[in-house]
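Report on one structure; see the data block that follows.
The values are calculated or read from the model by the stated rules, or taken from the named source; none is laboratory data. None of the values given here were measured: they were computed from a predicted structure. Ideal geometry is used to build each Cβ from the backbone, glycine not excepted, and the neighbour counts take in all protein chains shown. In case anyone asks, the SASA skips ligands and DNA or RNA and just uses the protein heavy atoms, side chains included. Shrake-Rupley method; radii C 1.70, N 1.55, O 1.52, S 1.80 Å.
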Amino acid sequence: QVVLVESGGGLVQPGGSLRLSCAASRNIFSAVAMGWYRQAPGKQRELVATITSRGGTSYADFVKGRFTISRDNVKNTMYLQMNSLKPEDTAVYYCYCRLGIGVEGDWGQGTQVTVSS
């Protein structure tokens, strides 16, 4: 029920920063689940961060203190601010959104983040 388009990925040096954006085609104010996932080559897709409809956030241990998830309901956009990036952060980052109970969630197409010297 929602189209998600990620942007903001790219190549960055270790210690650098990127801000990922996820633009949604519909209002995300009442979305029951939203978050960022990532998938590195040869690895399973893993949860990075989540944000609730009330703004509560949670983070995977490997990004705590470095990444910040946020959302702007007026712009229908979710963000992931990534600081102090490490080579192991290299992955395709995906936006996920489930608009309501009883419906399947939707995924963005992903945006590549490469952290390398």
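Structure values in brief
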read-out	value
The range 18-38, subset open to solvent by 60 Å² or more (accessible area, probe 1.4 Å) and among the polar types (S, T, N, Q), residue farthest from K75 (Cα to Cα)	S30
Selected residue (criterion: farthest from I69 (Cα to Cα)) from residues of the range 82-117 that are open to solvent by less than 40 Å² (accessible area, probe 1.4 Å) and part of a loop (DSSP other than H, G, I, E, B)	G100
Residues of the range 1-17 satisfying the condition of being open to solvent by 30 Å² or more (accessible area, probe 1.4 Å), at pLDDT below 95 and of a type in the set (A, V, I, L, M)	V3
Pairs, first among the hydroxyl-bearing types (S, T, Y) in the range 1-25, second outside any strand (DSSP E or B) and modelled with pLDDT under 95, C-beta under 7 Å, six or more apart	S25/V2; S25/V3
All positions within the range 46-81 that are polar (S, T, N, Q) and outside any strand (DSSP E or B)	T52, S53, N73, N76
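Listed here are the residues, each with its yes/no results for (1) in contact (Cβ under 8 Å) with a residue 24 or more places away in the chain; (2) more than 13 Å from L20 (Cβ to Cβ); (3) not aromatic (F, W, Y).
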{"position": "R38", "(1), (2), (3)": "yes, no, yes"}
{"position": "Q44", "(1), (2), (3)": "no, yes, yes"}
{"position": "T52", "(1), (2), (3)": "no, yes, yes"}
{"position": "G56", "(1), (2), (3)": "no, yes, yes"}
{"position": "K64", "(1), (2), (3)": "no, yes, yes"}
{"position": "S70", "(1), (2), (3)": "no, no, yes"}
{"position": "Y96", "(1), (2), (3)": "yes, no, no"}
{"position": "I101", "(1), (2), (3)": "yes, yes, yes"}
{"position": "T111", "(1), (2), (3)": "yes, no, yes"}
